[in-house]
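One structure is given below, encoded as structure tokens.
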Amino acid sequence: PFLLIGNAGTTNTGTIDPLVALAEISKKYSLWYHIDGAYGGFFNLCEEGKRKLQGIALSDSIVLDPHKGLFVPYGCGSLLVKEGELLRRAHMLTADYMQDQFTPAGETNFTDYSPELSRSFRGLKVWLPLKLFGVQAFRENLAEKLRLAQWLYQRFLEEPGFECLAVPDLSVVAFRYRPKRGNVDEFNRRMLKHINESSRLFLSSTLLNGEFVIRACVLSFRTHQAEVEEAFDVVKAAVRKVEI
């Protein structure tokens, strides 16, 4: 093996791998340590997220999706590599049709760092919001999403019939309703259909240990306490509709 991958927030439940322990393993066996932080990596900007993501800086490379954790328009992913020269050596190429290409001294030509030559100005989507609002606005927004997920998780624990399949590390709450009779998976499939047909929110589903589970992912800059409370009410209303 040459590569070890840690997850800074899984898609299913937002669960964080033991990043420090994985770093120690990669160092012991001389492995490249990559972290998938596409969904959860930007929570490192806020204090609570930084505490949960301890060890993320020990990676050799990390993938981050600004169109998730920085709330920018879709189609903006990024790869950070600790030793950029290794990336350049892996991807840089020359060809006769590129002989007129000129990169001024001191500037970075990103065509040397990936297989992609022609590319759009994706960086503008990240630079402009940070320039306009500053990093603090994003810190506060991400911290709010963590609090909202914990609020929703606690409400499901307190509400009879609901169960959560994992304690949320970040902003994903995986839950299901266990009816007194009938097939649990089928009940939750019908419940999710009612939830999304309400057009008041959209939740997705997944399978955990073969069981059908509903996912609430709190990661929109438009989602605040009022929206999460409304979402909880919509879920409870869907239970009543299915039970009829």
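Descriptive notes on the structure:
- Dimensionless Rg/Rh of segment 1-50 - Kirkwood Rh, Rg from C-alpha atoms: 1.01
- On the principal axes of its alpha-carbon atoms, segment 61-124 has extents of 40, 24, 21 Å, going from largest to smallest.
- Cβ crowding within 10 Å averaged over residues, with 114-126, 3-15 ranked highest first: 3-15, 114-126
- For the chain, the spherically averaged projection of the C-alpha convex hull amounts to 17.1 nm².
- Close amide H pairs (under 5 Å, H built 1.01 Å from N) link residue 205 with 215, residues at least 5 positions away or on another chain.
- Of all DSSP beta bridges in the chain, antiparallel share, percent nearest 5: 65 percent
- Along principal axes, Cα extents of segment 136-243, largest first, whole Å: 49, 28, 22
- Qualifying trypsin sites (Lys or Arg not before Pro) in segment 206-244, DSSP loop, other Cβ atoms within 10 Å at most 11: 222
- Using a cut-off of 23 Å between Cα atoms, the listed pairs 68/125; 145/193; 68/193; 28/50; 52/82 include 145/193; 68/193; 28/50 as exceeding that distance.
- Angle in degrees between helix 123-133 and the longest Cα principal axis of the chain, rounded to the nearest 10: 70 degrees
- Whole-number D in µm² s⁻¹ for segment 21-161, Kirkwood Cα-pair radius fed into Stokes-Einstein, 25 °C, 0.890 mPa s: 136 µm²/s
- Share antiparallel - DSSP beta bridges, segment 3-133, percent rounded to 5: 35 percent
Only the coordinates and a few stated rules stand behind these numbers; no lab work does. The shown structure was predicted, so the numbers you read here are calculated from the model rather than taken from an experiment. Cβ: placed from backbone, ideal geometry, glycine included. Neighbour counts: every protein chain shown.
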